[in-house]
Structures are given as structure tokens and as C-alpha cells.
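K.L.:
Below is the structure I would like to discuss, written out as C-alpha cells.
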Amino acid sequence: MRQLNPSPYIGRFAPSPTGPLHFGSLVSALASYLDAHHHNGKWLVRMEDLDPPREQAGAADAILRCLEAYGLEWDDSVVYQSQRWDLYEKYLSRLRKQDLLYPCDCTRQDLQTMGGIYNGRCRHRQINTTQAHAQRLKLYDLPTGFNLGEELRFTDLIQGEQIQNLRTQAGDQILKRKDGLYAYQLAVVVDDIEQGITHIIRGSDLLEVTARQIFLFQLLGAPVPTFGHVTLASQPNGQKLSKQNLAPALRFEDAATNLWHALIFLGQKPPQELLEYSPSEILMWAKDHWTLKNIKGLSAVYTPLI
Ligand code: GLU
């Protein structure tokens, strides 16, 4: 059992089980693991299995086995979002009571005609709630008592100062979908609150949705974690390396090599001889030498090793 000091650091890796881990997900997992361990904190794993139509059978287990093979051991038990619907409902009803939610029956096409940013149309419409509808969260023009402006600023540990206008750059957010599933934007914040997460180190593809998540923390009166968005591994055509575009699964037998390359990708300058070591020895070196200041840029091309 690892001795934890009283440092309040709690970090997490929160994969969606839509496929096996690939190099891009290794970069995020490794960065959050190393930042937590460097600060003698806890590192939790949360399975974001919230969207069955997008999931792949067996992927959740494959992800956990892969983390183990790479020496990325987590603290506490893995939390599965599919088992926490009561919790999400509880938070939704709290927001509903505060008049922060409203029903919406707009379609994807409606959203497209609005230019992709929801313009609050259903705030002013009578919705037939006996038919399928989504639940949207107000991000601006809030009920009296909420003194939160439209402009949200935060400092990202890696990407620096960020500013987003919630009305023009985010728009009211769906928290429960028309098909009855809870939205990622709700579940991720509820779980980060419930698990006491203090630091969120993740891929820069999520930088854009961070302001709306911070806003939800604030609406719920919860402490806002510190965020850091690491460089995203992309393909030469600029596309994100992802399960959707079939990034190759990480092979267990390449753990040491892939960890070493992920450290290079994260600007950590591991010595060449570290390649000869085991995953846990590589992680030991990396934890001691970890620095966020060498991580540069939103995205960088990664060419998979053959
Ligand atoms: N489950 C999300 C994903 O795999 C990540 C959520 C997060 O780190 O906040 O993209």
C-alpha cells in the first residue's frame, strides 16, 4: 500500500469504453498518472460507460488490463458511470428546482441552422413533455440569485489563460438527452465533484468544453478543480488519433517502448537507456522528473511505431 501524504491532490483518468486504448489515450492517462504521483496524490480511474450505443463490448476490461500491463495502477475501486444514474438524476432535480433546466425538443438539424451553438430557442417555447425531449442547462441570463457572468475565464496549467463567452461560444447545454441517456457534460462534473477530484489533466480536445464544465461546478456550489490540457496526438492529416478513426490498439508487449515514446511526446526527455527498463521502472523515473512546463502545444503529429 502506497503511503499517501496529506496532500489533497486527487486526479483521475476517465476513458469512455468505445474501444481499446491507443497512443493518444496513453498520453492522457500517463500525464494524469504522473502529475498525481509527482504530487503524492491519488490517481483514480473512472469508466465513462454512459453511452451504450457508442461502446464496444469488452472495451472497459481491455482498457483496465492495458493500464495494468503499462504499470498504471490506480487507487481505490474503478467507478462505472453506468451504475450511477440515481446520482445524476439527483443533481438534475436539484438544477430543475433552481430553475436552471428547461425541456428542449430541438433536433440536430435545428442546431445546425443555429450555426452549432444553441440559441436558447426552447427557453421561450411550450414543449409537449409527454413526448421525447432533452433537458438543457441555462448558461446565461440565469434566474435571480446567480451572479455569474457570461464570460468565463480560467488558467489552464499547460495552455495558459483561457476565456470563453458562454452565450456565443457554448450555448445552453444538454444534460439529459432525448433518448433518456445522461449527457457526458453532466456526468463528468457530478463524478468529479463526488470523487473529490482536485486536478484534471486530460487531452486538449476537451479544452473547448472546460468553461461550461467549470460553470456547472460553480452553479452547483462545488470547488472547481485545476485543469491542465496536454498535447493531443494527431495524425499527419491533423485528425485526432482516436478510437473512431481506428488508431491502433496499444500492445501489451510494447509497454516500455510506448511509455518511453509517450514521455518524449510529453516533452519529458527520458534518457535512451530507460528503454531497457520495465514499465514500473520507467514510471518511477518519470514521476521524479515530471514537469508540466515542457509540454507544448495543443496538438502534435504522432506517427505510430511499426
Ligand atoms: N470520457 C472522456 C473521453 O474519453 C474524457 C472525459 C474527461 O477526461 O473529462 O473522451
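Per-residue answers, yes or no, for (1) assigned to a strand (DSSP E or B); (2) at pLDDT 95 or above:
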position	(1), (2)
L206	no, yes
T210	no, yes
Q213	no, yes
A222	no, yes
H229	yes, yes
N237	no, no
S242	no, no
L246	no, no
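K.L.:
Within segment 262-306, work out how many residues are polar (S, T, N, Q), open to solvent by less than 60 Å² (accessible area, probe 1.4 Å) and modelled with pLDDT of 95 or more.
P.N.:
3
K.L.:
Which of the numbered conditions does Q131 fail, given that it passes all the others? Conditions: (1) in a loop (DSSP other than H, G, I, E, B); (2) open to solvent by 70 Å² or more (accessible area, probe 1.4 Å); (3) closer than 16 Å to L216 by Cβ.
P.N.:
(3)
K.L.:
Got at least one residue in segment 214-221 being within 13 Å of the ligand (Cβ to nearest atom) and among the aliphatic types (A, V, I, L, M)?
P.N.:
Yes; the residues of segment 214-221 include at least one that is within 13 Å of the ligand (Cβ to nearest atom) and among the aliphatic types (A, V, I, L, M).
K.L.:
Follow-up. Looking only at segment 197-211, count every residue that is open to solvent by 30 Å² or more (accessible area, probe 1.4 Å) and more than 14 Å from G160 (Cα to Cα) and tell me the total.
P.N.:
Count: 4.
K.L.:
Regarding segment 58-79, can at least one residue be identified that is within 14 Å of the ligand (Cβ to nearest atom), touching a Phe, Trp or Tyr at 6+ places or on another chain (Cβ under 8 Å), closer than 28 Å to L219 by Cα and in contact (Cβ under 8 Å) with a residue 12 or more places away in the chain?
P.N.:
No, every residue in segment 58-79 fails to be within 14 Å of the ligand (Cβ to nearest atom), touching a Phe, Trp or Tyr at 6+ places or on another chain (Cβ under 8 Å), closer than 28 Å to L219 by Cα and in contact (Cβ under 8 Å) with a residue 12 or more places away in the chain.
K.L.:
Within segment 198-213, track down each residue that is free of Cβ contacts under 8 Å to residues at least 40 places away in the same chain and aliphatic (A, V, I, L, M).
P.N.:
L206, V209
K.L.:
Give the residue, chosen from H124, H38, that is touching a Phe, Trp or Tyr at 6+ places or on another chain (Cβ under 7 Å), open to solvent by 60 Å² or more (accessible area, probe 1.4 Å) and not polar (S, T, N, Q).
P.N.:
H38
K.L.:
Which of the numbered conditions does Y102 fail, given that it passes all the others? Conditions: (1) among the aromatic types (F, W, Y); (2) open to solvent by 10 Å² or more (accessible area, probe 1.4 Å); (3) within 14 Å of the ligand (Cβ to nearest atom).
P.N.:
So Y102 meets the others, but not (3).
K.L.:
Right, next: Return only the number of the condition from (1) away from the ligand (no atom under 16 Å from the Cβ); (2) surrounded by fewer than 19 Cβ atoms within 10 Å (Cβ to Cβ); (3) under 22 Å from L232 (Cα atoms); (4) among the hydroxyl-bearing types (S, T, Y) that T113 does not satisfy.
P.N.:
Condition (3) is where T113 drops out.
K.L.:
Given the structure, is R54 surrounded by fewer than 17 Cβ atoms within 10 Å (Cβ to Cβ), within 16 Å of the ligand (Cβ to nearest atom) and not β-branched (V, I, T)?
P.N.:
Judged against the criteria, R54 is a match.
Okay, residues lined up against (1) assigned to a loop (DSSP other than H, G, I, E, B); (2) of a type outside the set (G, A, S):
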site: A255; (1), (2): no, no
site: L259; (1), (2): no, yes
site: I264; (1), (2): no, yes
site: A286; (1), (2): no, no
site: G297; (1), (2): yes, no
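K.L.:
Quick check on my filter: what residues within segment 157-169 are crowded, with 17+ Cβ neighbours inside 10 Å and either within 16 Å of the ligand (Cβ to nearest atom) or in a strand (DSSP E or B) (or both)?
P.N.:
Hits for segment 157-169 are L157, I158, Q159, Q162, Q164.
K.L.:
Only one of T107, T155 is more than 24 Å from Y88 (Cβ to Cβ) and polar (S, T, N, Q). Can you tell me which?
P.N.:
T155
K.L.:
Restricting attention to segment 170-192, which residues are within 16 Å of the ligand (Cβ to nearest atom) and surrounded by fewer than 19 Cβ atoms within 10 Å (Cβ to Cβ)?
P.N.:
Across segment 170-192, the qualifying residues are R177, L181, Q185.
K.L.:
A follow-up question, please. Hey, can you tell me all the residues within segment 176-190 that are over 15 Å from T210 (Cα atoms) and either part of a helix (DSSP H, G or I) or aliphatic (A, V, I, L, M) (or both)?
P.N.:
L181
K.L.:
Can S32 be described as among the small types (G, A, S), part of a helix (DSSP H, G or I), over 23 Å from L181 (Cα atoms) and at pLDDT 95 or above?
P.N.:
So S32 passes the test.
K.L.:
Taking the conditions exactly as written (away from the ligand (no atom under 15 Å from the Cβ), surrounded by fewer than 20 Cβ atoms within 10 Å (Cβ to Cβ) and at pLDDT below 95), does L148 satisfy them or not?
P.N.:
Judged against the criteria, L148 is a match.
The values are calculated or read from the model by the stated rules, or taken from the named source; none is laboratory data. All figures in this text were calculated on a predicted structure; none of them were measured in a lab. Using ideal geometry, Cβ is built from the backbone for each residue, glycine included, and neighbour counts are taken over all protein chains shown. Note: accessible area is taken over every heavy atom of the protein model, side chains too, but ligands, DNA and RNA are not part of it. Shrake-Rupley method; radii C 1.70, N 1.55, O 1.52, S 1.80 Å.
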